[in-house]
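Heads up, the thing below is written out as structure tokens.
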Amino acid sequence: MAERVVIVGAGVGGLVSAALLASRGLDVTVLESEAMPGGKLRAIDGIDAGPTVFTMRDVFDQIFDDCGACLADHLTLTSAATLARHAWGDGSTLDLHADPEVSEANVVAFAGPDAARGFRRFRMEARRLHDALDRPFLRDSKTDPLTLGWRMGWRGLPDWLNLRAYRSMWSALGSYFPDPRLRQLFGRYTTYCGSSPFRTPATLMLIADVEAQGVWLVEGGMHRLGSALAALAERAGAKLRYSERVAEVLSERGRASGVLTATGERVAAEKVIVNADPAALGAGRFGLAAARAVGAVPVDARSLSALVWLAKGTTSGLPLTRHNVFFSDDYRAEFDAIACGEVPDAPSVYVCAQENDAFQIIVNAPANGDTHSYTPQEIEICQSQMLATLERCGLTLSPTSLSVLTPNDFERLNPSTGGALYGRASHGWAASFRRQGSRTRMPGLYCAGGSTHPGAGVPMAALSGRLASAALLSDRVSTATSRGADIAGGMSTRSPTTAGTG
């Protein structure tokens, strides 16, 4: 009889785990509280309301290939020539391009030949960090600094000794870009993991290289990726049940034994994967036993939340590409305000120009959706400030419809997070090592999702699903080997790998 696995949540991490495990012959059931798959990858009134940037295509190509399918048969993807357009209040603009030589020429025109030399050095350093950490950290199980060094090996020792972990991103960028606008542009990459460039290690320069290696546009919107992963999981044999909220992770003799739904149904399983923010587990949202299996996430460790407007209408002034950023005049003041629990008075604004004159507009905000109620008056002020930033940078938005999601909405969707969209913030040198790993302290209980290792973002969430499935399969083999080694009299030695780590 196939081993039974229950996966809580049909986000990217949960769906990837479901597809990979079902393709290996396990009996997989996915329980999702919403009426559709994708988690944060969702659309509202036809507008992408979640992640909008698709990178690391190879991660998804490999997942589909491992399940005997082809990504291109499920999604139509086009390589973006322009990675992003950036604008400032002084009227200046700068496009980063898929062709690095075009980007460099744009930097020369924007800030002169010295800036181009800094750009080349920055690109080389971002590539070095990405190459050094891709295999031993991003695509491997959660580790600690010493074990990371062991994984990197003797040839990787120089990189391990120079991971730029003890200098902030903002400080490091100053050695490449005297122009504060360029520091803003490349410092913005820390917001991809919900963090401040003033508090994030310079290690995260690697994100710039991830994007430079390719940004893909998904025909019909990013939410189509969630549907494609759900179809892949079902094709492999997984059962997906929607509008099914899980109230508790069950355990017997200290091991996960299934889940209890909000309607009182007990779904038995030998293994459980929770595709939710570990903060919800730690806060007891899935029962006391599961709460003891992970570490609590302190409120001051939360990543950014956001105010997200979904608009339809027209624009005039600055022409838009798919990804557009409009910068504030004072970046430090912006992040200082968020650190104090306030939405900035003059925020930077991201605009994703989608199909059919639709736009997703994001302003970073504190993750206080569980302690602060955003009033209509406050939202109206924030909206006026957002539109003012766009106007100052040369864009006029004339919406025919406009709705907004606040940290209160994201807290409802992701309880016990305050609306944090990226799990833990990447503040301080050790932050990346503090994320919850695939294994927990309860044998048979695993975690997946963008709030777990290796980090935030759609490809990272997919990698977390792969890592969770790999850990589950490894522990399954270890347990079987241990049982096979039982000695006379019925005594057996439990495999240390089945205990798991937080």
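What follows draws every value from the coordinates through simple rules; no lab data is involved. Worth saying up front: this structure is predicted, and the values here are computed from it rather than measured. We place every Cβ from the backbone using ideal geometry, glycine too, and count neighbours over all the protein chains shown.
Computed over the alpha-carbon atoms, the chain gives an Rg to Rh ratio of 0.97, Rh here being the Kirkwood radius from the mean inverse distance. Once both labels are positioned 7 Å from their Cα atoms along Cα-to-Cβ, the gap between residue 146 and residue 398 label points is 6.6 nm.
Helix 100-111 and the longest principal axis of the Cα set of the chain meet at an angle near 40°. A cut-off of 5 Å between modelled amide H atoms, ignoring neighbours fewer than 5 places along the same chain, links residue 276 with 448. Please determine, in degrees from 0 to 90 and to the nearest 10, the orientation of helix 458-484 with respect to the longest principal axis defined by the Cα atoms of the chain, where the helix direction is its Cα long axis. It works out to around 20 degrees. Under the rule a/c < 1.5 gives rounded, and otherwise a/b versus b/c splits prolate from oblate, where does the stretch 41-129 land using the Cα gyration tensor? It comes out oblate by the Cα gyration axes. In this structure the amide hydrogen of residue 95, modeled in the peptide plane, comes within under 5 Å of the amide hydrogens of 86, none closer than 5 places in sequence on its chain. When only alpha carbons of the stretch 50-189 are considered, Rg and Dmax amount to 18.2, 52 Å.
Run the numbers for residue 90 and residue 124: contour at 0.36 nm per residue of separation, minus the present Cα-Cα distance, in nm. Display every interim value, and only then the final one.
Numbers: separation 34, 0.36 × 34 = 12.24 nm, distance 2.94 nm.
Contour length minus the Cα-Cα distance gives 9.3 nm.
Assigning unit charges at the beta carbon (Lys, Arg +1; Asp, Glu -1) and nothing else, what dipole magnitude in debye, to the nearest 20, does the chain show about its Cα centre? Write down the numbers at each step before the final one.
On the way: 49 positive and 51 negative charges, 360 e Å.
For this selection, approximately 1720 debye.
Counting beta carbons within 10 Å around each of 134, 475 and listing the fewest first gives the order 134, 475. The angle between the Cα long axis of helix 12-23 and the longest principal axis of the Cα atoms of the chain comes to about 40 degrees, rounded to the nearest 10. Dividing the helix sum by the residues of the chain, where each DSSP H run of 4 or more adds -39500 (n - 2.57), gives a mean residue ellipticity at 222 nm of -10500 deg cm²/dmol. Panel order for 374, 242, by other beta carbons found within 10 Å of each beta carbon, from fewest to most: 242, 374.
Using the Cα gyration tensor of the stretch 145-238, with a ≥ b ≥ c the square roots of its eigenvalues, what is the shape: rounded (a/c below 1.5), prolate (a/b larger than b/c) or oblate (neither)?
oblate
Counting other beta carbons within 10 Å of each residue's own, what order do 124, 386 fall into, fewest first?
Listing 124, 386 from fewest to most nearby Cβ atoms yields 124, 386.
Near residue 30: Cβ cut-off under 10 Å, other residues only, Lys/Arg at +1 and Asp/Glu at -1. The net charge is -1. One decimal place: the segment residue 314-residue 213 gains 33.2 nm when fully extended, by the rule 0.36 nm per residue minus the C-alpha distance.
The slack between residue 79 and residue 266, meaning 0.36 nm per residue of separation minus the straight C-alpha distance, is 62.8 nm.
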